[in-house]
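Chemist: If you scroll down you'll find the structure; I have some questions about it.
The values are calculated or read from the model by the stated rules, or taken from the named source; none is laboratory data. What you are looking at is a predicted structure, and each value in this text was computed from that prediction instead of being measured. Using ideal geometry, Cβ is built from the backbone for each residue, glycine included, and neighbour counts are taken over all protein chains shown.
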Amino acid sequence: MAKFEIPSEQWAQVVEKSGGPVVYKKIPVQKPGPDEVLINIKYSGVCHTDLHAMMGDWPLATKLHLVGGHEGAGVIVAKGDLVTDLELGDYAGVKWLNGSCLACSFCMQADEPLCPHALLSGYTVDGSFQQYAIAKAAHVARIPKECDLEAVAPVLCAGITVYKGLKESGARPGQYVAIVGAGGGLGSMAIQYASAMGLHVIAIDGGEEKGKSCRTLGASAYVDFLNTSDLVQEVKNATPDGLGPHAVLLLAVQEKPFQQATEYVRSRGAVVCIGLPAKAYLKAPVFDTVVRMITIKGSYVGNRQDTQEALDFFQRGMIKVPIKTVGLSELQDVYKMMEEGKIVGRYVVDTSR
Ligand code: NAD
Ligand code: ZN
Ligand code: ZN
C-alpha cells in the first residue's frame, strides 16, 4: 500500500461571507473520520452551482466559512478504520452527494440524493476547491486508474447529472432531445451523453461560438435564443416531422426557457428540469399539458450506480468535452466569466497553482 506525506496546511478558496468573493488562503488539512477518506484533489471542475453557493441565491443555507467545489478528482491519501474497499493510492472523486444516512427510505432504495440527511460537498460540508478534501467512503466516485484526472473532473457533477436526466426523460435511441443551455458545462456533457445514447440533439444556447461548439460535440441542429424571431417554431422545425423533440433537458440558469419548453415538446414528451435559476417558477398551459399528455419533472444529480455508469461512458472514450484549466488561485475570474455567460464548456482548476 502506498504511503503519503500529508501536510498540516494547504491552499484553498474560501467563501467567508455570502455574496463572495472567494479568498485564496492557507487552511488546515482535516483528518478523515472512521467512515471517511481524505482525497488529495488534483483537479476540480467549476459548476454553476458553486456560484449559486457563493451568492447564497438558493432557498437552502450553506455552511460559512465554506470551501466550495464538487467535481474534485484526486488520489486517496488517508482513510478511516471502517473503510475496507478503497486503498491509499486509488483514484477517487468528490461529488455533490458527499454522504447520506444510508438508512432512510430513500437511501434504502438507492435514491440517496433525496436523503433528508444528505451532506452536500461545497455547500453543507467543505468541497473540492482545496488540496485535501474529505468525503464519506460509501459515496466517493471510484475513478478507474486509466482515467485522466483533469479531463474526468467535470463528469463528477455535470456528467452524472445530465446522464441521469437523460435516463429520467425516457427518450429512446433514434429519438430527438432538445438541450437548453447546451453550450455550458452541463449542456456540453449532455450533447455527448445523448449522442452516445443514440439520440439526435437539438442544441439551444446563445451566440456563434457556443453554436460552433455544440455542432462539433455532435448536435444536429443549433437554435440561437439570442437571434431567433420564433424559438418555438425553430425547435419544432428541427425534427423531421415538425412535431417537436421527444424530450427537453432544461439546463439554463434563466427562467424564460422554463416557461417555453412545453410549447415545443412533442405530445407525450417529457420536460426535465435540471438548471436551478434563482427564484424561478415553471409555467405550462393546463389544456396543452393534458390533451398532449406532457410530463414535467425534476432531476437531481444521480446515485452511486449512475455515477459509475457515467464514468464508464467516459472511460470508453465517448465523452470529450472542451475544458479550460486555470490555477485554483484564479477561481474568482472563472465566476466572473460564468456570471456573464461567457464560458463555453467547462473550466477546471488545478489545485497545485
Ligand atoms: P453554465 O453557466 O456552464 O451553463 C448555462 C448555459 O445556459 C450557458 O451556456 C448560457 O449561455 C445558457 N443560457 C442562458 N440563458 C439561456 C436561454 N434563455 N436559453 C438557452 N440557453 C441559455 O452552467 P452549468 O454549470 O451548466 O449549470 C447549469 C445549471 O444547472 C445551474 O443552475 C446549476 O446550479 C444547475 N445544476 C443542477 C444540477 C441538478 O442536479 N439538478 C446539477 C448540477 C448543476
Ligand atoms: Zn454541479
Ligand atoms: Zn438517507
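Chemist: Somewhere in the range 306-325, is a residue over 19 Å from residue 191 (Cβ atoms) and within 10 Å of ligand 1 (Cβ to nearest atom)?
Modeler: no
Chemist: Which of the residues belonging to the range 285-314 are in a loop (DSSP other than H, G, I, E, B) and touching a residue at least 24 places away in the same chain (Cβ under 8 Å)? Step through it out loud before you land on a result.
Modeler: First, pick out the residues of the range 285-314 that are in a loop (DSSP other than H, G, I, E, B): 285, 292-294, 299-303.
Those that are in a loop (DSSP other than H, G, I, E, B) and touching a residue at least 24 places away in the same chain (Cβ under 8 Å): 292, 293, 294, 299, 300, 301, 302, 303.
Chemist: I've got another one for you. Quick one: which residue in 53, 61 is within 27 Å of residue 182 (Cβ to Cβ) and among the hydrophobic types (A, V, I, L, M, F, W, C)?
Modeler: Answer to the check: 53.
Chemist: Out of the range 180-202, which residues are within 14 Å of residue 269 (Cβ to Cβ) and surrounded by 23 or more Cβ atoms within 10 Å (Cβ to Cβ)? Can you show your working first?
Modeler: First, the residues of the range 180-202 that are within 14 Å of residue 269 (Cβ to Cβ): 180, 199-200, 202.
Within the range 180-202, 180, 199, 202 meet the criteria.
Chemist: Scan the range 111-137 for residues that are in a loop (DSSP other than H, G, I, E, B), within 16 Å of ligand 1 (Cβ to nearest atom) and surrounded by fewer than 23 Cβ atoms within 10 Å (Cβ to Cβ) and jot them down. Quick ask: steps written out before the conclusion?
Modeler: Initially, the range 111-137 is screened for residues in a loop (DSSP other than H, G, I, E, B), giving 111, 115-118, 122-124, 126-129, 131, 137.
Filter once more, so that each one left must be within 16 Å of ligand 1 (Cβ to nearest atom): 111, 115, 118, 122-124, 127-129.
Within the range 111-137, 111, 115, 118, 124 meet the criteria.
Chemist: What pairs come out if I take residues in the range 93-111 that are modelled with pLDDT of 95 or more and pair them with residues that are among the polar types (S, T, N, Q) and more than 16 Å from ligand 2 (Cβ to nearest atom) whose C-beta lies under 9 Å away, six or more apart or interchain?
Modeler: 106/100; 107/100; 110/305; 111/105
Chemist: Condition check: modelled with pLDDT under 95 and either among the hydrophobic types (A, V, I, L, M, F, W, C) or out of contact with any helix residue (DSSP H, G or I) (no Cβ under 9 Å at 6 or more places or on another chain) (or both). Does residue 1 satisfy that? Break it down stepwise before answering.
Modeler: Values: modelled with pLDDT under 95: yes; either among the hydrophobic types (A, V, I, L, M, F, W, C) or out of contact with any helix residue (DSSP H, G or I) (no Cβ under 9 Å at 6 or more places or on another chain) (or both): yes.
Considered against the rule, which asks whether it is modelled with pLDDT under 95 and either among the hydrophobic types (A, V, I, L, M, F, W, C) or out of contact with any helix residue (DSSP H, G or I) (no Cβ under 9 Å at 6 or more places or on another chain) (or both), residue 1 comes out as yes.
Chemist: Which of the numbered conditions does residue 329 fail, given that it passes all the others? Conditions: (1) surrounded by fewer than 18 Cβ atoms within 10 Å (Cβ to Cβ); (2) outside the structural domain of residue 116 (by TED's automatic domain parsing).
Modeler: Of everything listed in (1) surrounded by fewer than 18 Cβ atoms within 10 Å (Cβ to Cβ); (2) outside the structural domain of residue 116 (by TED's automatic domain parsing), residue 329 misses just condition (2).
Chemist: Here is a check on your reading of the model: is residue 315 outside the structural domain of residue 255 (by TED's automatic domain parsing), under 22 Å from residue 119 (Cα atoms) and not hydroxyl-bearing (Ser, Thr, Tyr)? Spell out how you get there, then give the answer.
Modeler: Values: outside the structural domain of residue 255 (by TED's automatic domain parsing): yes; under 22 Å from residue 119 (Cα atoms): no; not hydroxyl-bearing (Ser, Thr, Tyr): yes.
Criteria not met by residue 315.
Chemist: When the residues of the range 170-179 are filtered to those that are crowded, with 20+ Cβ neighbours inside 10 Å and of a type in the set (Gly, Ala, Ser), which remaining residue is farthest from the chain's Cα centre (by Cα)?
Modeler: To start, the set of residues in the range 170-179 that are crowded, with 20+ Cβ neighbours inside 10 Å comprises 171, 176-179.
Those still in the list that are of a type in the set (Gly, Ala, Ser) too: 171, 178.
Details: 171: 20, 178: 18 Å.
Among those residues, the one meeting the criterion is 171.
Chemist: Let me ask something additional. Can you find, within the range 233-255, the residue that is surrounded by the fewest Cβ atoms within 10 Å (Cβ to Cβ) among those that are in a loop (DSSP other than H, G, I, E, B) and among the aliphatic types (A, V, I, L, M)? I'd like the intermediate steps shown before the answer.
Modeler: Residues of the range 233-255 in a loop (DSSP other than H, G, I, E, B): 238-246, 251-255.
Pick out the ones that are also among the aliphatic types (A, V, I, L, M) and you get 238, 243, 251-253.
Numbers: 238: 23, 243: 14, 251: 30, 252: 27, 253: 20.
Looking at residues that are in a loop (DSSP other than H, G, I, E, B) and among the aliphatic types (A, V, I, L, M), I get 243.
Chemist: Test each condition in (1) farther than 24 Å from residue 337 by Cβ; (2) within 16 Å of ligand 3 (Cβ to nearest atom) for residue 141 and report the one that comes out false.
Modeler: Evaluating residue 141 over (1) farther than 24 Å from residue 337 by Cβ; (2) within 16 Å of ligand 3 (Cβ to nearest atom) leaves (2) as the failure.
Chemist: Residue by residue through the range 15-54, note down the ones that are of a type outside the set (S, T, N, Q), in contact with a His (Cβ under 8 Å, 6 or more places away or on another chain) and surrounded by 14 or more Cβ atoms within 10 Å (Cβ to Cβ). So that I can check it myself, show each step before the final result.
Modeler: First, the residues of the range 15-54 that are of a type outside the set (S, T, N, Q): 15-17, 19-29, 31-39, 41-43, 45-48, 50-54.
Imposing the further condition that a residue be in contact with a His (Cβ under 8 Å, 6 or more places away or on another chain) reduces the set to 15-16, 47, 50.
Result: 15, 47, 50.
Chemist: From the set of residues in the range 55-84 that are acidic (Asp, Glu) and in contact with a Lys or Arg (Cβ under 9 Å, 6 or more places away or on another chain), which is surrounded by the fewest Cβ atoms within 10 Å (Cβ to Cβ)? Break it down into steps so the answer makes sense when it comes.
Modeler: Pass one, the range 55-84, residues acidic (Asp, Glu): 57, 71, 81.
Imposing the further condition that a residue be in contact with a Lys or Arg (Cβ under 9 Å, 6 or more places away or on another chain) reduces the set to 57, 71.
Working: 57: 14, 71: 35.
My answer is 57.
Chemist: Evaluate the following for residue 92: is it under 23 Å from the mean Cα position of the chain (by Cα), within 16 Å of ligand 2 (Cβ to nearest atom) and either under 22 Å from residue 306 (Cβ atoms) or assigned to a strand (DSSP E or B) (or both)? If you could, list the steps in order and put the result at the bottom.
Modeler: On the way: under 23 Å from the mean Cα position of the chain (by Cα): yes; within 16 Å of ligand 2 (Cβ to nearest atom): no; either under 22 Å from residue 306 (Cβ atoms) or assigned to a strand (DSSP E or B) (or both): yes.
Here the answer is no, as residue 92 does not meet what is asked.
Chemist: Which of the residues that make up the range 23-56 are assigned to a strand (DSSP E or B), within 16 Å of ligand 2 (Cβ to nearest atom) and more than 17 Å from residue 125 (Cβ to Cβ)? Steps first, answer last, please.
Modeler: Within the range 23-56, the first condition is being assigned to a strand (DSSP E or B), and the residues that meet it are 23-28, 36-45.
If we keep only those that are within 16 Å of ligand 2 (Cβ to nearest atom) too, we end up with 41, 43-45.
Residues satisfying the conditions are 43, 45.
Chemist: Which numbered condition in (1) more than 16 Å from ligand 1 (Cβ to nearest atom); (2) touching a Leu at 6+ places or on another chain (Cβ under 6 Å) is the only one that residue 85 fails?
Modeler: The failed condition is (2).
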